[in-house]
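Right, one structure below, let's go through it.
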Amino acid sequence: MNGAEIMEEMDRMSMGWWRPSPGSIYPLLEQLAQEKLVRKREDGRYEVTEAARGGPDWMHGWMGRGPRSPQDALAEIEAYAAFLEDLGRGEKGDLSAMAPRLKAVAKRLDDLVDRSARGKPA
């Protein structure tokens, strides 16, 4: 499938509950291609490589790792923010019960920015 088809299939498989954004699917496909787990064919569709078909060894290394740098951590925060935004726009989008937690996280991030601007360690 190509990226748009993958998004459609995920929407279908989740029965409309979750449709990933292009901003999440295409960077993921690029990362998987760099790691040689998928390959982009000439027709624009992606296919799983033999390395990816190897099973648990590659999955453990890829699925189990977290951010490796501050830039990676920030990219994950941005991805989760986009995910929550997308959820908020959907049928199951009532995030009001999480408002206090979202505000607390936002405050922590604001404090981090303020400390960084003053040149103080986080």
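The values are calculated or read from the model by the stated rules, or taken from the named source; none is laboratory data. Bear in mind that the values here come from a model prediction, so they are computed numbers and not experimental data. Every residue, glycine as well, gets a Cβ built from its backbone with ideal geometry; the counts of neighbours run over all protein chains shown.
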All but one of (1) surrounded by 15 or more Cβ atoms within 10 Å (Cβ to Cβ); (2) touching a Phe, Trp or Tyr at 6+ places or on another chain (Cβ under 7 Å) hold for M1, so report the exception by its number. (1)
Select from the stretch 6-22 the residues that are surrounded by fewer than 13 Cβ atoms within 10 Å (Cβ to Cβ) and in contact (Cβ under 8 Å) with a residue 24 or more places away in the chain and write down the one among them that is nearest to Y80 (Cα to Cα). W17
Cβ-Cβ under 7 Å pairs, at least 6 apart or on other chains, the stretch 76-101 side within 22 Å of L28 (Cα to Cα), far side part of a helix (DSSP H, G or I): A79/S24; A82/G23; A82/S24
Tell me, which helices (runs of 4 or more DSSP H) lie completely within the stretch 17-122 with 1 or more residues that are at pLDDT 80 or above and over 17 Å from M1 (Cβ atoms)? 22-34, 70-89, 99-117
